[in-house]
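Read-outs: derived from the displayed coordinates by stated rules, not from any lab. These numbers come from a predicted model, not from an experiment. As a convention, Cβ positions derive from the backbone with ideal geometry for all residues, glycine included, and neighbour counts pool all protein chains shown.
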Amino acid sequence: MNTIKPKHQRLVLALVALAALVGAALLAIWGLRSQASYFYVPQELVASPPAPDRAVRLGGMVEQGSLKTEADGVTISFVVGDGKARVPVRFKGIVPSLFVEGSGVVAEGKRAADGTFVADNLLAKHDEKYVPREMQDMTAEQAKQVVAETR
Amino acid sequence: MIAEFGLAALWLAAALAALQLLAGSLALTPRGAGLAAVVRPVAVVQGLLGLVAFVALIVLFCETDLSVKLVAMNSHSAKPFIYKLAGAWGNHEGSMLLWVTVMGLSGGFLALVEKRLPEPTMLATLAGQAFVSLGFYAFLLLSSNPFERLSPVPAEGQGLNPLLQDIGLAFHPPTLYLGYVGLSVAFSFAIGALVTREVGPAFARAMRPWVLGAWIFLTLGITAGSYWAYYELGWGGWWFWDPVENASLMPWLAATALLHSASVLAARNALRAWTIMLGVVAFSMSMVGTFLVRSGILTSVHAFAVDPERGSFILALLAINIGGALTLFGLRAATVTEGERFAPVSREGALVFNNVMLSATLGIVLFGTLYPLAAEAMGAKVSVGPPYFNPMSAIFVAPMLIVLAVGPLLRWRRDTFARVSGSVALPALLAAAAAVGVAFWTQAGLLPMLGLVLAAGLALASLLPLRGRGLRRTPLAVWGMVMAHFGVAVALGGMASDSAFSVEKLVASRVGETTAVGPWQVRLDRIEPVAGQNWTAMEARLFVSYRGGAPIAAFPQSRSFWTPPQQTSESALITRWNGQLYTVLGEQSDDGRWQLRLWWKPFVTLIWFGGVLIALGGLLALLGRVSSDLRRLIAREKIADRRQRQGR
Amino acid sequence: MSEQQKPRPWALWLPLALFGAFVVVVLFGLLRPAEREVASAMIGKPQPQFDLRPAVPDRPGLARADFTAGKPRLLNIFASWCIPCAVEAPQLARLAGQGVQIDGIAIRDRPEDVAAFLARNGNPFARIGADDVSSVQMAIGSSGVPETFVIDGKGIIRYQHIGEIREDQLPLILDKLKEAGL
């Protein structure tokens, strides 16, 4: 236990600290690669689906006529499209007020094995103070096709 | 008049800060030694002038002087007095003025009372303090003048965001700011010590009260902020790993590490360069936090007034201060002589372990917070949330908590596990029993389970340092440490209990229907529209009863604001000694049922109770340190006095 | 790390290097083009195709074709349920009084509500289209109400004004109209 020569104590301490911090950095990088949730539009989600248990965000337009409330009164399902692909989404919870058919939405959740996107959070607050940053680009770049599709 | 007066005071204060910097630096050279006498008085006057400016701003807000732009933008003559007062710092300019004022006052106070350090170190410290202040003065005077006049004078002010008219929110930011400023003093001390290479116990003792004070405020600020998010956001969570929250957590982690390494330096004259480094890092994290919050560079659930231009200014200050300090560190740290040695198993060793783990946690949080930005630079859009932060930080926090249980029992310099194993046996046994109990009774996840076990063991272990001591003769600082460590166990228990035992129910309920959630029966009695100043709401009256007891009424609301159109949930909480019932009202579905979201959260309140205990522990330690310092000072003066008399 | 042992100066510079990396990342974020304003991307682009039914009986509806008549026009996105929209009504009235052609799109609104809103606040609009699902609003790059677009005689979007038009912003709007060829 006391075999370290006192002379080298500072060096050893520095190395231990450095090792721990480098370890933390490596862990962080690994964790971020596996746990950060990426932003998808429906087209990307369909073309290259993420692993089933991986949390991602899905952004797109809620298709007209696709919104249904199930019998329990708290589960809803709807279709998110971007003009190129359509993804069915299920969500259980209290729906944000600005969430309506034909509006944009960002759903946080996972893609189930059957291709349904199971959302555990919906971001639809849609005044300019509260647009998720991903939505900002989408409205600008993709809104045209999206609207053409959902109309 | 008052506005011009305040502005003049601010300019004067800035000029004095420049003088303080100049005189302080020149006094360190052989030729400028004569200037040394100027520095302390200048620091005091600078602090007072800052105070004058801040008082002027408060007066303007109390009088609702609408010819001042800041008042017109943020106040209203009909506002309650307390919010008029809070309006003075509830905005960017005012809060920055508060920052420089507190910083100036700290510098002045330091100049008045700190006599223990060698004079050159003090001069360098005060010059450092002036340097940092000067940056903020420049920021205020050049880009965010709080005293700007408005012409023509508007008939009425624009008021304060109604969401921010909350008594908690009025005092939350200043609390954090006090913490940040306290760390700026620690930063200046570190700079001063680096310049003169005088890193030793005296330096640590001088710095410690400031770090402790800052740490107390940060702890309180984070605790209050977490509770605010818990009841205000209506999501049932108490920590979201949101950038704004992380921005307040990171300085706290650094300050906690600094606190402990300063203790080692004060008691044992070890960890010299490391303490300096932490002093720089702690203040960097404060500035990084301020920058992240104010620049709006990261999206956050906590909507703040953000402004990229101001962000650039803060970033520039950050780059100058921290870049400069780190350069100085690179140049000088190698010449700071090595401190005393110690064995790996010793109080020092445990504290080093704590420091490394805290720094690693800090790294994890910092990486995760900034990662979306870095990813965006590479063209990917990501968000980082609890799936990353929870396990990653637990990897470092869990071992730290185990060492926390043992560390305070170890002796300085050298010790053996064998000596303390007897004392630790009992808490270890309790933890083991908890582990068996938890594994047997619940299906909690790994992390909550680990949390419960650690909390049980730690709660008992944290009290052990009191064993065998005469309780009345135990120094306040030890009481403080015990209380803070016990608070950690309490808060951890609350967190783990919340995630292990919370019951959630989401239902669509008709009026008159009853829903069970955990031990509660919740009956939706009626729904009524209510209206506020700028919102309308549907309000539910719920009758809730605990295990068939007498019903209590709860009134959650679903509120709609008009400008900007926004809907918020006002949750209603029922608190019992053993937990909280959390109710949220959602929308009405097409068939007339109302969505209700209910949580029963056993012992969730322990989280904030623990936070307060931690802060109280800090306060006790601070009182203990300050009083013993005072006693020492008085004793020294008595000796000097006696000598003088004898000499006569 | 000390002078008696092998000095490892590079380790001492590590914090500074890390800090430098932080500054670089953050600078990128700060200097990112000002896309915070949601829809500047639409400026300089032609309007999307649309054809909206009338929002009130006494004004015609609105279609993309209405904007290619050769003169620049203002397009105001509003709603009866929006309070800032009422605040900007006097400014729109003054613009209309100076001969500016203003068309409106009412967002998610009922005809009777729009009519009541116009009766209360005045009606500066030549045409008003009803956008019941915000589809045109989204397509044109507007994220809230009120917003006002300056559209030139060829139907190209020249300027987007987010939020209500305040009195001191009238010259700005007129300037933008002039730039668009009024």
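Numbers at a glance
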{"read-out": "Overall dimensions of the stretch B:503-602 by Cα: Rg and Dmax, Å", "value": "13.5, 43"}
{"read-out": "Computed P(r) (all Cα pairs; the stretch B:1-156; 5 Å bins; percent)", "value": "2, 10, 19, 19, 15, 11, 9, 7, 4, 3, 1, 0"}
{"read-out": "Packing-based exposure ordering (other Cβ within 10 Å, fewest first) of C:Cys85, B:Cys62", "value": "B:Cys62, C:Cys85"}
{"read-out": "Within straight-line cross-link reach of A:Lys110, aspartates and glutamates at Cα separation under 17 Å, skipping those fewer than 8 residues along the same chain", "value": "A:Glu44, A:Asp53, A:Asp120"}
{"read-out": "Residue mean of other protein chain beta carbons inside 10 Å, B:359-372", "value": "5"}
{"read-out": "Computed over the stretch B:326-439: relative contact order in percent, which uses C-alpha pairs under 8 Å that are six or more apart", "value": "38"}
{"read-out": "Estimated FRET transfer efficiency (B:Ile634, B:Ala380; beta-carbon r; R0 56 Å; 0.05)", "value": "0.35"}
{"read-out": "Value of relative contact order over chain B, rounded to a whole percent, pairs C-alpha under 8 Å and six or more apart", "value": "10"}
{"read-out": "Whole-angstrom gap from the stretch B:170-214 to the stretch C:87-105, using each part's C-alpha centre", "value": "58"}
{"read-out": "Pairwise centroid distance, computed over Cα atoms, of the stretch B:413-477 with the stretch B:1-25, Å", "value": "53"}
{"read-out": "Coarse-grained scattering of the stretch B:552-648 at q = 0.13, 0.15, 0.23 Å⁻¹, given as base-10 log I(q)/I(0) from a Debye sum over alpha-carbon atoms", "value": "-0.72, -0.83, -1.12"}
{"read-out": "Net charge of Cβ neighbours under 14 Å - reference B:Phe603; Lys, Arg +1; Asp, Glu -1", "value": "+1"}
{"read-out": "Order of C:Ile128, B:Ile527 - criterion: other Cβ atoms within 10 Å of each residue's Cβ, fewest first", "value": "B:Ile527, C:Ile128"}
{"read-out": "Within 10 Å of each Cβ in A:13-26, the average number of Cβ atoms from other chains", "value": "6"}
{"read-out": "Exposure proxy order (Cβ contacts within 10 Å, fewest to most) of A:Ile29, B:Ile58", "value": "A:Ile29, B:Ile58"}
{"read-out": "The stretch B:503-602, relative contact order [Cα under 8 Å, separation at least 6], %", "value": "27"}
{"read-out": "Equivalent ellipsoid dimensions for the stretch C:40-179 as semi-axes, Å, which come from the Cα gyration tensor, largest first", "value": "20, 18, 14"}
{"read-out": "Rounded if a/c under 1.5, otherwise prolate or oblate - chain B, Cα gyration tensor axes", "value": "oblate"}
{"read-out": "Partner chain coverage, peptide B:631-640 - average Cβ within 10 angstrom", "value": "0"}
{"read-out": "Lysine pairs meeting the criterion (Cα under 24 Å, 8 or more apart or interchain), as found in chain B", "value": "4"}
{"read-out": "Distant alpha-carbon pairs in the protein assembly as shown (separation over 43 angstrom), percent", "value": "42"}
{"read-out": "Span from the the stretch B:259-279 Cα centroid across to the the stretch B:601-648 one, whole angstrom", "value": "19"}
